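Right, one structure below, let's go through it.
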Amino acid sequence: MTAAYLSTAYLAPVQYYSKLAAFDTIYLETSESYQKQTYRNRCHIASANGMQALTVPIEKPLTPKAFTRDIRISNHGAWRHLHWNAFVSAYNLSPFFEYYAADFRPFYEKKIDFLVDFNEALQTLICGLLDISPTMIHTTTYTPVVGNDYRNVIDPRHPLPDDQFVPRPYYQVFRDKYRFIPNLSIVDLLFNMGPEAILFLG
């Protein structure tokens, strides 16, 4: 059995899902102090204007060092509507958006209180679509040093070296305009490649 540690992530990048495909067991870090400006509440997609960041707004924690598992999603504003419209605008012409749209749309029509729960529900759907099934275990305490630690390796601001992941180019709707943009959200890979998406995780 092989195991790795990952942070929670909103529609995580391809690199993240390569770990879900490679390891039998994933320890999902929910006992850390929440970190802002990470994939924990944001993803990147390829739009007509280039790479676009989508962020799930969170409520300001009551304490300076709130645990990730206690972070609540803010219901102010119309972020769900904005995110869904961004997906439609970016991927309506992709080969498989129409095929998967009915799977994803309900997540943007209902409220889920906690960020970890929202992320994990989406992750469960995506793992099913990719036909991968790692055992997921939530951490109950924070351990600073662990093996196969990717909790802060996969980071939009300061990614750390990862010799186990080399992005493999695939078809993207706006590739002729922007060339291939690597390591976007897994939905970019799914909407563009469909059932073949799993082939790009190894």
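Laboratory data are not the source of any read-out in this text; all were calculated from the coordinates shown. Model, not experiment: these values are computed from the prediction. Here the Cβ is made from the backbone with ideal geometry for all residues, glycine too, and neighbour counts use every protein chain on show.
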(request) Mind jotting down the distance between the C-alpha centroids of region 176-202 and region 121-165, whole Å? (result) 18
(request) Averaged over every viewing direction, what's the projected area of the C-alpha convex hull for region 130-202? Give it in nm², one decimal, please. (result) 6.6
(request) Could you give the DSSP H helices of the chain that reach 15 angstrom or more along their long axis (alpha carbon positions) and whose average Kyte-Doolittle hydropathy is no lower than 1.0? (result) 115-130
(request) Considering the options Trp79, Thr25, Pro182, tell which one lies farthest towards the positive end of the dipole of the chain, charges being +1 on Lys and Arg and -1 on Asp and Glu at the Cβ, about the Cα centre. (result) Trp79
(message) What does the C-alpha gyration tensor say about the overall shape of region 95-148? Classify as rounded when a/c is under 1.5, otherwise prolate if a/b is larger than b/c, or oblate.
(response) oblate
(request) Once you have all Cα-Cα distances for the chain, histogram them in 5 Å bins from zero and send the whole-percent values. (result) 1, 7, 16, 20, 22, 17, 11, 5, 1, 0
(request) Using +1 at the Cβ of each Lys and Arg and -1 at the Cβ of each Asp and Glu in the chain, identify which of Thr8, Ala48, Val145 lies farthest towards the dipole's positive end. (result) Ala48
(request) Provide the percentage of antiparallel DSSP beta bridges, counting only those with both residues in the chain; round to the nearest 5. (result) 50
(message) For a quick check of your reading of the filter: which trypsin sites (Lys or Arg not before Pro) in region 148-202 sit in a DSSP loop and have no more than 15 other Cβ atoms within 10 Å?
(response) Arg157, Arg179
(request) Treat every Asp and Glu Cβ in region 3-200 as -1 and every Lys and Arg Cβ as +1, leave all other atoms uncharged, and give the resulting dipole magnitude about the Cα centre to the nearest 20 debye. (result) 620
(message) With a cap of 14 neighbouring Cβ atoms within 10 Å, and only residues DSSP puts in a loop, list the trypsin sites (Lys or Arg not before Pro) found in region 1-40.
(response) Lys36
(request) Grab the DSSP H runs of the chain that are 4 residues or longer, score each as -39,500 (n - 2.57), total them, divide by all residues and round the 222 nm result to the nearest 500 deg cm²/dmol. (result) -8500 deg cm²/dmol
